[in-house]
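Quick notes on the structure that follows.
Each value in this text was obtained by applying a stated rule to the coordinates, not by laboratory testing. None of the values given here were measured: they were computed from a predicted structure. So basically every Cβ, Gly included, is an ideal-geometry build from the backbone, and we count neighbours across all protein chains shown.
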Amino acid sequence: MFRAVQRPAPVVTEDSAAFWDAADEDRLVTQRCAACGRLRHPPRPMCPECGSLTVEVVELSGRGVVYSYALLHHPQHPAFEYPVLAALIDLAEGIRIVSNLVGLKRDEIRIGLPVQVEFVSTDGDHRVPVFRPVDVNGSVAP
């Protein structure tokens, strides 16, 4: 039976498990230091601000803007359409996340473009966050 190639599954570690478990439920989360309250991404065992090992997981709005982007052409993998629209997203809560942009052409990308998270399937029945442009009213673009 033929099966279309899907994005590779994420590599889940002890530190990132809460992030990927939430993504599988179409939720975007991050770590917050339980001692000083700093949000952090990517997930890690220690707060870079105060050094605490205590952590909470908080849900994020999924809204942000494009901070930077790159059009990736190589190396190519059959699970992706090229060029890959890779972006650094400034989330409304004040942290950045690396992801992909979907639902737009490469000549439509611009710094400051408002975006909203959505989730796409990967191999192994996982989900990963990607970002789609939103219009000035906050509605997700088609």
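With the structure loaded, tell me whether Val102 is touching a helix residue (DSSP H, G or I) at 6+ places or on another chain (Cβ under 9 Å) and of a type in the set (A, V, I, L, M, F, W, C) or whether it fails that test. Full working, then the answer.
Working: touching a helix residue (DSSP H, G or I) at 6+ places or on another chain (Cβ under 9 Å): no; of a type in the set (A, V, I, L, M, F, W, C): yes.
No; evaluated as a whole, the condition is false for this residue.
Where in the range 31-95 are there strands (runs of 3 or more DSSP E), lying fully within it, with 2 or more residues that are closer than 14 Å to Val130 by Cα and of a type in the set (D, E, K, R)? Step through it out loud before you land on a result.
Working: elements: 55-59, 63-72, 84-91.
Those strands (runs of 3 or more DSSP E) do not exist here; none qualify.
For the range 28-77, what are the residues that are of a type in the set (A, V, I, L, M) and in contact (Cβ under 8 Å) with a residue 24 or more places away in the chain?
So in the range 28-77, the residues of a type in the set (A, V, I, L, M) come out as 28-29, 34-35, 39, 46, 53, 55, 57-58, 60, 65-66, 70-72.
Of everything in the range 28-77, those that are of a type in the set (A, V, I, L, M) and in contact (Cβ under 8 Å) with a residue 24 or more places away in the chain turn out to be Leu28, Val29, Leu39, Val55, Val57, Val58, Leu60, Val65, Val66, Leu71.
Could you grab the pairs with beta carbons closer than 6 Å, sequence gap of 6+ or different chains, first residue in the range 91-110 and within 22 Å of Ser16 (Cβ to Cβ), second one outside any strand (DSSP E or B) and among the hydroxyl-bearing types (Ser, Thr, Tyr)?
Listed by first residue and then by second, the contacts come to Ala92/Ser61.
From the list Asp125, Asp107, which residue is farther than 30 Å from Gly37 by Cα and outside any loop (DSSP other than H, G, I, E, B)? Walk me through it before giving the result.
Values: Asp125 fails: outside any loop (DSSP other than H, G, I, E, B).
None of the other options fit; the residue is Asp107.
What is the residue count in the range 17-30 for residues that are in a helix (DSSP H, G or I) and surrounded by 13 or more Cβ atoms within 10 Å (Cβ to Cβ)? Reasoning before the result, please.
We begin by selecting, within the range 17-30, every residue in a helix (DSSP H, G or I); these are 17-24.
After this cut, where a residue has to be surrounded by 13 or more Cβ atoms within 10 Å (Cβ to Cβ) as well, the list is 18-24.
Looking only at that region, the number is 7.
Could you tell me which residue of the range 98-128 is surrounded by the most Cβ atoms within 10 Å (Cβ to Cβ), considering only residues that are among the hydrophobic types (A, V, I, L, M, F, W, C) and touching a Pro at 6+ places or on another chain (Cβ under 7 Å)?
Just the residues of the range 98-128 that are among the hydrophobic types (A, V, I, L, M, F, W, C), to begin with: 98, 101-102, 104, 109, 111, 113, 115, 117, 119-120, 128.
Adding the requirement that they be touching a Pro at 6+ places or on another chain (Cβ under 7 Å) leaves 104, 113, 115, 117, 119, 128.
Values: Leu104: 16, Leu113: 19, Val115: 26, Val117: 22, Phe119: 18, Val128: 17.
Step by step, filter the range 98-128, then rank; the result is Val115.
Restricting to the range 1-16, and then to whatever is surrounded by 12 or more Cβ atoms within 10 Å (Cβ to Cβ) and of a type outside the set (Asp, Glu), can you tell me which residue is farthest from Val130 (Cα to Cα)? Lay out the reasoning, then the answer.
Within the range 1-16, the first condition is being surrounded by 12 or more Cβ atoms within 10 Å (Cβ to Cβ), and the residues that meet it are 6-10, 12-13, 15-16.
Of the ones still in play, those that are also of a type outside the set (Asp, Glu) are 6-10, 12-13, 16.
Working: Gln6: 14, Arg7: 12, Pro8: 14, Ala9: 14, Pro10: 13, Val12: 17, Thr13: 20, Ser16: 17 Å.
Top of the filtered list is Thr13.
Which of the residues that make up the range 105-134 are in contact with a strand residue (DSSP E or B) (Cβ under 8 Å, 6 or more places away or on another chain) and more than 23 Å from Pro8 (Cβ to Cβ)?
Applying the first criterion (in contact with a strand residue (DSSP E or B) (Cβ under 8 Å, 6 or more places away or on another chain)) to the range 105-134 yields 106, 108-123, 127-134.
Result: Glu108, Ile109, Arg110, Ile111, Gly112, Leu113, Pro114, Gln116, Pro133, Val134.
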